[in-house]
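Working notes, beginning with the structure itself.
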Amino acid sequence: MKKYVLDLIVSSVDHINDKYVLIKLTHAEKLPEMAPGQFVEIRIDGSATTFLRRPISINFVDYQANELWLLVAAIGDGTRALAQLKAGDKLNCMLPLGNTFTIPENKDAKVLLVGGGVGVAPLLYFGKVLKDNGMTPVFLLGARSAKDVLLLDEYRKYGEVCITTEDGSEGEKGFVTNHSVLQRVRFDQISTCGPKPMMVAVAKYAHSEGICCEASLENKMACGVGACLCCVEGTKSGNLCVCKDGPVFNVNDLSWQI
């Protein structure tokens, strides 16, 4: 898939809470084709401590509105600078990067999309693409508390939404692997993104049940094209760059103890 470096224009910035911000970007020309699971590398201008681009998952692509959505957790100097953007600002983006989630060939496949924290971001666009392909996925979204559960109305457009929170303030109390949907439904495919301990737990569940499982890794990245080697992940085929060979991997190919 062809890569582009574009100056995108901020069309809106929605501060969801004190940590998360939804940035919508547009362009004078039609946005390039992007697939679920891919990401963008963003140049951070105006931050004296941010020298490298920041990788952000593609949250959603609205081709009718010609908008790209990015869900950002403002936790460092670079992402806090992104959270200060205003409508009309320019944002230099390299996109689309990385590989994609797998769309099942069987339209009757039961697909579970498991996300935690800002790792829920790439699952929204994947859910939309699955829906467009005749499937209705189940989203299993984990968060610390109710205030960290993001964009629920958007996810509900494309599938059933199940929620766990660590404090029990929304959905079922506990971790995603404790949710009752895993006892009620036999899934054919699982895709997950979020904190590594959560993804490993999901991978162990999938492995024990003989379910195909993909994980979108969130290793630190700088270049986005496999040159700097800072995002290397150990796999059964050797060390691979998450930005170029991923970020989506079949969990059975990773060197995880599952």
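Data overview
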{"read-out": "3 or more residues under 13 Å from the mean Cα position of the chain (by Cα) and under 18 Å from Tyr20 (Cα atoms): qualifying helices (runs of 4 or more DSSP H) within the range 53-164", "value": "121-132"}
{"read-out": "Condition check for Phe249: without any contact (Cβ under 8 Å) to a residue 40 or more places away in the chain and either part of a loop (DSSP other than H, G, I, E, B) or open to solvent by less than 20 Å² (accessible area, probe 1.4 Å) (or both)", "value": "yes"}
{"read-out": "Ala215 outside any helix (DSSP H, G or I) and either open to solvent by less than 10 Å² (accessible area, probe 1.4 Å) or among the hydroxyl-bearing types (Ser, Thr, Tyr) (or both)", "value": "yes"}
{"read-out": "Contacts under 7 angstrom Cβ, first residue in the range 115-134 being under 16 Å from Cys213 (Cα atoms), partner among the acidic types (Asp, Glu), 6 or more apart", "value": "Gly119/Glu218"}
{"read-out": "Any hit, the range 139-160, residues being under 19 Å from Gly37 (Cα atoms), among the small types (Gly, Ala, Ser) and modelled with pLDDT of 95 or more", "value": "yes"}
{"read-out": "Residue in the range 220-239 that is modelled with pLDDT of 95 or more, of a type outside the set (A, V, I, L, M, F, W, C) and open to solvent by less than 10 Å² (accessible area, probe 1.4 Å) present", "value": "no"}
{"read-out": "Residue in the range 80-93 that is within 21 Å of Val248 (Cβ to Cβ) and open to solvent by less than 30 Å² (accessible area, probe 1.4 Å) present", "value": "yes"}
{"read-out": "Of residues in the range 170-191 being of a type in the set (D, E, K, R) and in a loop (DSSP other than H, G, I, E, B), the one farthest from Thr102 (Cα to Cα)", "value": "Glu170"}
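The values are calculated or read from the model by the stated rules, or taken from the named source; none is laboratory data. Bear in mind the structure is a predicted one, so any value in this text is a computation, not a measurement. Using ideal geometry, Cβ is built from the backbone for each residue, glycine included, and neighbour counts are taken over all protein chains shown. Heavy atoms of the whole protein, side chains included, go into the accessibility calculation; ligands, DNA and RNA do not. Shrake-Rupley method; radii C 1.70, N 1.55, O 1.52, S 1.80 Å.
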